[in-house]
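Below: one structure, written as structure tokens.
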Amino acid sequence: MAWIGQNEVRLGFASEPEPALNGRRVYIARGKTLGGSSAVNAMIYMRGNPMDYDGWANEGAPGWSYQEILPYFIKSERNQRGDERFHGRSGPLSVQDGRYKHPLVDRFVEAGIQAGHKHNDDFNGASQLGVGRLQFTMRDGSRWSAADAYLHPARQRSNLHVLTGVLVTRVLLEGSHAVGVTVSRYGNEEENLGAECEVVLSAGAYNSPQILMLSGIGPAFDLKRFGIAPIVDLPVGENLQDHPFVCRSILRMSRHSSVPGQQRM
Ligand SMILES: Cc1cc2nc3c(=O)[nH]c(=O)nc-3n(C[C@H](O)[C@H](O)[C@H](O)COP(=O)(O)OP(=O)(O)OC[C@H]3O[C@@H](n4cnc5c(N)ncnc54)[C@H](O)[C@@H]3O)c2cc1C
């Protein structure tokens, strides 16, 4: 993976040159501000597939089966509609139908149904199959990030200290036990922050493994190649799967949208 710069809210990475793309690199965006990527993402509310969770449980992750995590999805959610077996009404994460209703989306859904797909108006309900409109992590028509849902409401707590503009460079270890983190205030000297209780690392799918590896937790062979002394030999960072998107397939329509106030696509 390569580093191609950042702005105030985004970290910018790029993949290694991809053989299947004639050697081009794929841009990989990540959110940098409070709320992380949920502050820059497309806001589609889509849980994982139940079979994925059941697969994790079957492979030895107790408590992660779909039936076991469903109550937490429901508890987290404040959805304006949906079957109550699958949806919550009073959680911190606001979920809504999109207000922007472009008629082309309806035509697309109709075409899918004519092609034999089932209509589905809830991809987080009984089935993820079919065609239909999505729901979004929004409140009153605006983005509702993880920070809006969980962090900002807790900002007044006396036991919460939020540091911004700080880069975690590694996890501090005593033996193989995490006891804190080393941070750098962008350009300044590093300092160590000790943990009284535990360290929870949640720097995202790319940076969590990176920080672990910089700390000596990862595949020993790879760490040694970069001069990092392996402390815990684990397959960190392997089997990463992502869904890079193609931004260039934007269509220009010859007619204005029939919905008042909407712009030409
Ligand atoms: C452009 C885009 C569109 C997306 N669209 C959707 C969508 O529509 N629906 C959907 O469900 N998902 C979408 N996703 C994915 C979704 O946003 C992520 O899966 C989710 O936000 C991951 O949460 P996370 O907490 O694991 O990591 P992140 O949200 O990435 O949070 C990690 C945080 O750690 C910080 N961090 C990283 N390294 C360090 C370090 N060394 N020191 C200090 N801080 C660090 C980052 O700045 C960030 O704030 C999208 C993602 C992107 C980038």
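Where a number appears in this text, it was derived from the coordinates with a stated rule and is not lab data. Quantities reported herein were computed from a predicted structural model and do not represent experimental measurements. Here the Cβ is made from the backbone with ideal geometry for all residues, glycine too, and neighbour counts use every protein chain on show.
Calculate the FRET efficiency for ASP97 and ILE231 from the Cβ-Cβ distance with a Förster distance of 41 Å, rounded to the nearest 0.05. It comes out at approximately 0.25. Site pair ILE250 and GLU110 shows an inter-label distance of 2.7 nm when each label is modelled 7 Å from Cα along Cα→Cβ.
Would you please classify the overall shape of the stretch 74-127 from the alpha carbon gyration tensor, given that a ≥ b ≥ c denote the square roots of the eigenvalues, rounded means a/c under 1.5, and beyond that prolate means a/b larger than b/c while oblate covers the rest?
On the way: a/c = 4.56, a/b = 1.79, b/c = 2.54.
Oblate, because a/c is 1.5 or more while a/b does not exceed b/c.
Taking 0.36 nm per residue of separation and subtracting the current Cα-Cα distance, fully stretching the chain between GLN241 and ASN188 would add 15.7 nm. Placing a pseudo-label 7 Å from each Cα along the Cα-to-Cβ vector at VAL26 and GLU174 gives an inter-label distance of 4.3 nm. Between the beta carbons of TYR72 and HIS161, assuming R0 = 35 Å, the FRET efficiency works out to 0.85 to the nearest 0.05. Backbone amide hydrogens, once placed in the peptide plane, bring SER94 within less than 5 Å of ARG78, excluding anything fewer than 5 places away on its chain.
Taking 21 Å as the straight-line reach from the Cα of LYS75, none of the lysines fall in range once those fewer than 8 positions away in the same chain are excluded. Cα centroid separation, the stretch 150-216 to the stretch 42-96: 27 Å.
In percent, what relative contact order does the chain have, based on Cα pairs under 8 Å that are 6 or more apart in sequence? Don't skip to the end; give the middle numbers.
Details: 387 pairs, mean separation 27.7, N = 265.
Relative CO of the chain lands at 10 percent.
In whole Å, what three semi-axes, largest first, describe the equivalent ellipsoid of the chain built from its Cα gyration tensor (square root of 5 times each eigenvalue)?
Its equivalent ellipsoid spans semi-axes of 37, 24, 21 Å.
Work out the charge dipole of the chain with +1 on the Cβ of Lys and Arg and -1 on the Cβ of Asp and Glu about the Cα centre, then indicate which of GLY23, CYS197, PHE221 is farthest towards its positive end. Of GLY23, CYS197, PHE221, it is GLY23. Candidate cross-link partners of LYS224 among the aspartates and glutamates, defined by an alpha-carbon separation under 16 Å and a same-chain spacing of 8 or more, comprise ASP233.
Take the Cβ atoms of ASP52 and SER90, set R0 to 25 Å, and the FRET efficiency comes out at 0.40.
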